[in-house]
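Below is one structure; the comments refer to it alone.
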Amino acid sequence: DPLQLCKDGSQAKFDALRERELKHGRVSMLAVAGYLTTAAGVRFPGAGDIPDGLAAFPALMKSSDGMMVLYQMAAFFVMAEICNRDASEVTGVTPEFVGDYRNGALDFGWDKFSDEEKMKKRTIELNNGRAAMMGIWGLVTHEIMGVSILPGGYLPGQ
């Protein structure tokens with residue numbers, strides 16, 4: 001703990017920080033995938049004229065359809081935040097670990113894994129999330145600097 005955020009040894013504080021780290025990692029994995037997908041030229045139907053990268057936001061704000069997309073994004077973020085949380089008070093299902101948002105519903109075979117396999121997969125998710133946080137940070141920083149790090153020297157938003 002180089003920043004000594006948990007130097008008091010509080011398990012509750014550590015769990016809260018770990019939950020935030022997992023959530024930011026999950027969002028960052030989606031962000032990197034979305035950033036690279038739009039940089040590859042993939043667009044939703046009707047959005048072919050919207051640029052990629054950070055230039056997409058001002059372009060969306062110029063039209064009523066674009067504003068509707070931004071409102072839909074905001075609504076999705078709110079719904080995702082409401083749905084993806086520990087709902088043990090509502091469902092009566094106790095989470096198996098910090099960041100376990102299955103709430104007795106979406107399992108995808110998780111309960112069939114051994115404890116060692118579960119720990120391995122959780123560690124992989126944590127490390128992939130950390131890499132994605134650095135990845136999206138690097139992609140956006142290089143776009144702002146005007147320096148491409150993508151194949152072929154492509155620079156999104158230009």
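The values are calculated or read from the model by the stated rules, or taken from the named source; none is laboratory data. Since the structure is predicted, the reported quantities are computational estimates derived from the model, not experimental observations. All Cβ positions, glycine included, derive from the backbone under ideal geometry; neighbour counts span all protein chains shown. Just so you know, the surface numbers come from the protein's heavy atoms only, side chains and all, with ligands and any DNA or RNA stripped out. Shrake-Rupley method; radii C 1.70, N 1.55, O 1.52, S 1.80 Å.
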Mind telling me which of 21, 96, 143 comes out most flexible in a GNM of the chain, alpha-carbon contacts under 10 Å? 96
Residue farthest toward the positive end of the dipole of the chain, with Cβ of Lys/Arg at +1 and Asp/Glu at -1: which of 158, 127, 94? 158
Qualifying aspartates and glutamates (Cα of each under 16 Å from Cα of residue 120; at least 8 residues distant if same chain): 96, 100, 111
How much length, in nm to one decimal, is gained on full extension between residue 128 and residue 144, taken as 0.36 nm per residue of separation minus their Cα-Cα distance? 3.4 nm
Contour minus Cα-Cα span, residue 64 to residue 117, at 0.36 nm per residue, comes to 14.2 nm
So what J values fall out for the stretch 65-70 if you push phi through Karplus, 6.51 cos²θ - 1.76 cosθ + 1.60 with θ = phi - 60°, rounded to Hz, Gly and Pro as x? 5, x, 5, 5, 4, 5
For Kirkwood radius over Cα pairs in Å, with candidates (1) 17.1; (2) 16.0; (3) 18.5, the value calculated from the shown model is option (3)
Rounded to a whole %, the carbon-and-sulfur portion of the accessible area of the stretch 111-158 at a 1.4 Å probe is 60 percent
For the residue 97, residue 73 Cβ pair and Förster radius 41 Å, calculated FRET efficiency rounded to 0.05 is 0.90
Estimated distance in nm for a label pair at residue 18 and residue 85, the labels positioned 7 Å out from Cα along Cα-to-Cβ: 2.0 nm
Probe 1.4 Å, protein heavy atoms only - accessible area per residue of the chain in square angstrom: 70 Å²
